[in-house]
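> First the structure, then my questions, so here it is.
The values are calculated or read from the model by the stated rules, or taken from the named source; none is laboratory data. Quantities reported herein were computed from a predicted structural model and do not represent experimental measurements. A quick note on method: Cβ atoms are made from the backbone with ideal geometry, for glycine too, and the neighbour counts reach across all protein chains shown.
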Amino acid sequence: MPSPSLDGVAIVTGAGGGIGAAVARSLAAAGTSLVLADRDRSALEAVAASLPPSVTVITGVGDVGDPTHHAALVTAAEDLGGVTVSVQNAGVALTGLSWEVPLEQWELQVRTNYWGVVHGVRAALPPMVRRGLGHVLAVASGAGLVATPGLAPYVSSKHAVVGLMESVRHELARAAPGVRASVVCPGNIATPINANSLAVADAAGAADVAACEGSAGDGSTAAVARQIDETVRRGVDSGAEPQTVADAIVEAVSTGRFWVLPQPEVALGALDRVQRIVDGRPPADLLI
Ligand SMILES: NC(=O)c1ccc[n+]([C@@H]2O[C@H](COP(=O)([O-])OP(=O)(O)OC[C@H]3O[C@@H](n4cnc5c(N)ncnc54)[C@H](O)[C@@H]3O)[C@@H](O)[C@H]2O)c1
């Protein structure tokens with residue numbers, strides 16, 4: 001079966017920093033032409049400017065929740081010779097108790113993390129299927145395989161992405177076996193995702209929201225929300241380097257691997273979850 005070589009054309013969303021910027025650098029080093037996208041123009045342009053001048057790079061500023069943004073990215077990649085790899089990576093994460101998180105923050109996370117991938121996959125697959133060659137990858141999360149408290153919108157959007165990509169993989173195996181799908185499930189990675197997400201949401205921290213007069217919380221749950229928020233932040237701050245994920249993505253493009261779990265503890269967490277389902281035991285709270 002042919003494999004989409006790394007010297008083709010890749011779309012990377014969320015390329016303005018963190019994991020997406022590391023993926024862009026790794027693909028550039030492998031000789032891939034790039035269509036890089038982000039909602040943050042200055043961050044995106046800084047990443048593009050840092051890449052070797054020998055690499056062809058086009059940038060596209062937009063919101064992954066908007067399908068016309070993805071159509072424009074695919075058109076740009078087709079003009080460069082045809083999209084071979086699509087890395088749907090943009091995402092946001094906001095903490096809070098599920099009944100207290102403002103509805104706008106629920107919707108922002110589902111729109112970005114889930115609908116962003118749906119739109120990206122739906123835009124990239126038609127030309128790939130037509131040519132019988134290509135690879136769509138979605139950056140979900142370990143939170144797509146297990147559930148933590150205080151991240152219900154994030155967890156549910158990432159579970160949805162894992163299910164989506166499994167379905168897509170089965171469909172491609174039947175309808176276009178030369179086109180591959182992968183789902184990437186990192187554990188904690190040291191990026192500014194928390195601060196970036198709060199900035200996008202134009203929001204204060206979750207604990208502040210819970211304590212806020214007039215919010216759905218009555219203040220009595222603020223300590224729980226704050227403690228979870230701190231634990232989540234500590235985890236991200238002490239996480240692995242974004243390059244760990246970029247290396248795993250480049251390897252997945254080379255091998256066609258579906259499950260991309262750069263950190264072994266994520267697979268162990270998923271295994272424990274399934275064992276608890278089999279045994280009829282309740283799920284583990286991974287933040288304790
Ligand atoms: N950092 C972690 O611990 C971790 C763990 C597992 C999975 N992930 C996932 O990895 C992906 C990348 O996250 P990161 O940690 O590099 O975060 P990050 O905040 O450093 O990078 C995310 C990028 O996406 C962009 N973005 C956000 N919303 C957007 C939108 N609506 N449209 C276009 N661009 C948008 C941001 O501007 C930012 O440049 C996300 O999907 C995240 O859920 C992160």
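> Among the residues that make up the range 64-73, is at least one of them among the hydrophobic types (A, V, I, L, M, F, W, C), away from the ligand (no atom under 16 Å from the Cβ) and part of a helix (DSSP H, G or I)?
No, the range 64-73 has no match at all.
> While we're looking at this one, here's another question. Can you tell me which residues in the range 4-31 are free of Cβ contacts under 8 Å to residues at least 60 places away in the same chain, more than 8 Å from the ligand (Cβ to nearest atom) and buried (at least 24 other Cβ atoms within 10 Å of the Cβ)?
Pass one, the range 4-31, residues free of Cβ contacts under 8 Å to residues at least 60 places away in the same chain: 7, 16, 24, 28-29, 31.
Now drop any that are not more than 8 Å from the ligand (Cβ to nearest atom), which leaves 7, 24, 28-29, 31.
A24 - this is the single residue of the range 4-31 that is free of Cβ contacts under 8 Å to residues at least 60 places away in the same chain, more than 8 Å from the ligand (Cβ to nearest atom) and buried (at least 24 other Cβ atoms within 10 Å of the Cβ).
> State all residues of the range 255-288 that are loosely packed, with under 14 Cβ neighbours inside 10 Å and of a type in the set (S, T, N, Q); if no residue qualifies, say none.
T255, Q275
> Kindly indicate whether any position in the range 175-182 is away from the ligand (no atom under 16 Å from the Cβ), modelled with pLDDT of 95 or more and assigned to a helix (DSSP H, G or I).
Yes, there is a match, as at least one residue in the range 175-182 is away from the ligand (no atom under 16 Å from the Cβ), modelled with pLDDT of 95 or more and assigned to a helix (DSSP H, G or I).
> Looking at the range 234-251, which of the residues that are closer than 17 Å to T32 by Cα and among the small types (G, A, S) is farthest from the ligand (Cβ to nearest atom)?
Within the range 234-251, the match that is farthest from the ligand (Cβ to nearest atom) is A248.
> Can you find a residue in the range 53-60 that is among the small types (G, A, S), more than 10 Å from the ligand (Cβ to nearest atom) and either under 30 Å from E107 (Cα atoms) or modelled with pLDDT under 95 (or both)?
Taking every residue of the range 53-60 in turn, none turns out to be among the small types (G, A, S), more than 10 Å from the ligand (Cβ to nearest atom) and either under 30 Å from E107 (Cα atoms) or modelled with pLDDT under 95 (or both).
> Here is a check on your reading of the model: is V64 of a type in the set (V, I, T) and either under 30 Å from T221 (Cα atoms) or touching a Gly at 6+ places or on another chain (Cβ under 7 Å) (or both)?
yes
> Still on this structure: Give the number of residues within the range 125-141 that are buried (at least 24 other Cβ atoms within 10 Å of the Cβ) and more than 14 Å from R169 (Cα to Cα).
3
> Now a separate question. Would you be able to say whether some residue in the range 131-154 is more than 11 Å from the ligand (Cβ to nearest atom), part of a helix (DSSP H, G or I) and closer than 17 Å to L287 by Cα?
Checked the range 131-154: at least one residue is more than 11 Å from the ligand (Cβ to nearest atom), part of a helix (DSSP H, G or I) and closer than 17 Å to L287 by Cα.
> Which one is farthest from the ligand (Cβ to nearest atom) among residues in the range 32-52 that are part of a loop (DSSP other than H, G, I, E, B) and surrounded by fewer than 23 Cβ atoms within 10 Å (Cβ to Cβ)?
Within the range 32-52, the match that is farthest from the ligand (Cβ to nearest atom) is P52.
> Scan the range 7-45 for residues that are hydrophobic (A, V, I, L, M, F, W, C) and under 15 Å from V136 (Cβ atoms) and report the count.
The total comes to 8.
> Which pairs do you get when a residue that is without any contact (Cβ under 8 Å) to a residue 60 or more places away in the chain, found in the range 86-99, comes within reach of a residue that is aliphatic (A, V, I, L, M) and away from the ligand (no atom under 12 Å from the Cβ), reach meaning Cβ atoms under 7 angstrom, with the pair 6+ apart or on two chains?
Between residues of the range 86-99 that are without any contact (Cβ under 8 Å) to a residue 60 or more places away in the chain and residues that are aliphatic (A, V, I, L, M) and away from the ligand (no atom under 12 Å from the Cβ), the close pairs are S98/A152.
> Also, quick follow-up: Out of the residues in the range 79-120 meeting the condition of being more than 9 Å from the ligand (Cβ to nearest atom) and hydroxyl-bearing (S, T, Y), tell me which one is nearest to R233 (Cα to Cα).
Looking at residues that are more than 9 Å from the ligand (Cβ to nearest atom) and hydroxyl-bearing (S, T, Y), I get T95.
> Within the range 175-189, which residues are farther than 16 Å from L133 by Cβ and either out of contact with any strand residue (DSSP E or B) (no Cβ under 7 Å at 6 or more places or on another chain) or not aliphatic (A, V, I, L, M) (or both)?
C185, P186, G187, N188
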